[in-house]
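Below is one structure, written out as structure tokens; the observations come after it.
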Amino acid sequence: MAYNLLKGKRGIIFGALDEKSIAWKVALQAKEEGAEFVLSNAPLAMRMGEINKLAEICNAQVIPADATSVEDLEKLFTQAQEILGGKIDFVLHSIGMSPNIRKGKAYGELNYEWFQRTLDVSALSFHKVMAVAEKLDAMNEWGSIVALSYIAAQRVFPDYTDMAQAKAMLESIARSYGYRMAKQKKVRVNTISQSPTKTTAGTGVGGFDVFYEYSDKMSPLGNAPAEACADYCITLFSDLTRYVTMQNLLHDGGFSSMGISEDVVNLMMANQQ
Ligand code: NAI
């Protein structure tokens, strides 16, 4: 059901790779809520061509940008304002990638060049997006910027390796830049810490199926699906959350408040029998 929550708002949505992507669901819902936006992804990801399907459904233009390239981001923000006819009201940063995870490196054997790439793609890109928006004065007052995080920023999930540091940095950037954006333009900046979700980035993490199940059994409401994450993003882009900023908002079905659940106890007991 649509509420017209984003009527008249203009946005940039990064990170829709295929229909499983969280950004894909956000785009569909943003459209339903009346927003106009451009879609962006890394030039390499575009080759798969899936994003064009989404663009057609949403009547949106696609602008390629490597989110680690300030030059690409400058072009993107400039073109997005031209296409949409004004400054930007909301930005979704839904970008993550670790070469170390892709290559299955254990935490003690990380390749440091790849580690830096992980940080650049998954965390520094968020700083670059906001620095470019600031430099070009591209955000409207009371705008909203959201990035997606994971609880491995605070707790140990061994297979998440260097992405844990990337997410910690991402959340820290949201606080530091959130201060600056609030002071300059009354723009809010938050991260949403989402449950494990079956997407390309998610399922690339070693042992994903097991920790997906574990997390589901630990969360009293179960893992939050991608569609529900999109709902939450929409509320943060809407005018109903104008004073929420510099927060890491847990969207995890209750996982982060749990010690142990009866479901997990029952599972362990069944294994002992
Ligand atoms: P996804 O694989 O669909 O999306 C990741 C996106 O990052 C892709 O569209 C990819 O093309 C893009 N990307 C990679 N390098 C890029 C670059 N240099 N420039 C621009 N874009 C680039 O997977 P998903 O799960 O939708 O990921 C979105 C965000 O949600 C990520 O930040 C991820 O860490 C986060 N997240 C995912 C969870 C999960 O279990 N799937 C849980 C919590 C957070």
| task | Compute the signed sum of charges (Lys and Arg +1, Asp and Glu -1) over the other residues within less than 11 Å, Cβ to Cβ, of residue 132. | result | -2
| field | 3J(HN,Hα) from dihedral phi, region 114-119, Karplus parametrisation 6.51/-1.76/1.60, rounded to Hz, x for glycine, proline | value | 5, 4, 5, 5, 4, 5
| remark: Going fewest to most other Cβ atoms within 10 Å around each Cβ, 112, 160 line up as 112, 160
| field | Theoretical ellipticity at 222 nm over the chain - DSSP helices of four or more residues, -39500 (n - 2.57) apiece, nearest 500 | value | -13500 deg cm²/dmol
| said: Just want the ordering: 142, 114, 24, from fewest to most Cβ atoms lying within 10 Å of their own Cβ. | reply: 142, 114, 24
| Separation of the residue 180 and residue 57 label points, Cα + 7 Å toward Cβ, nm | 3.5
| task | Could you state the angle between the C-alpha long axis of helix 262-272 and the longest principal axis of the C-alpha atoms of the chain, as a value from 0 to 90 degrees rounded to the nearest 10? | result | 40
| said: Please list, in order along region 67-73, the HN-Hα scalar couplings obtained from phi with the Karplus expression 6.51 cos²θ - 1.76 cosθ + 1.60 (θ = phi - 60°), rounded to whole Hz, x for Gly and Pro. | reply: 5, 8, 9, 4, 4, 4, 5
| request: Classify region 26-95 as rounded, prolate or oblate, taking a ≥ b ≥ c as the square roots of the eigenvalues of its Cα gyration tensor: rounded when a/c is under 1.5, otherwise prolate if a/b is larger than b/c and oblate if not. | output: oblate
| field | Hits among lysines - C-alpha to C-alpha of residue 167 under 20 Å, sequence gap 8 or more where chains match | value | 103, 105, 128, 198
| note | Applied in sequence order to region 54-66, the curve 6.51 cos²θ - 1.76 cosθ + 1.60 (Karplus, θ = phi - 60°) yields integer Hz couplings, x standing for Gly and Pro, of 5, 4, 5, 4, 8, 6, 10, 8, 10, 10, x, 7, 7
| field | Which of 218, 169 has the fewest Cβ neighbours within 10 Å, and the rest in rising order | value | 169, 218
| task | Give the angle, between 0 and 90 degrees and rounded to the nearest 10, that separates the Cα long axis of helix 226-237 from the longest principal axis of the Cα atoms of the chain. | result | 40
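Rule-based calculations on the coordinates, nothing more; no lab input. Being a predicted model, the structure only gives us computed values, none of them experimental. Cβ coordinates were reconstructed from backbone atoms using ideal geometry, including for glycine residues, and neighbour counts include every protein chain displayed.
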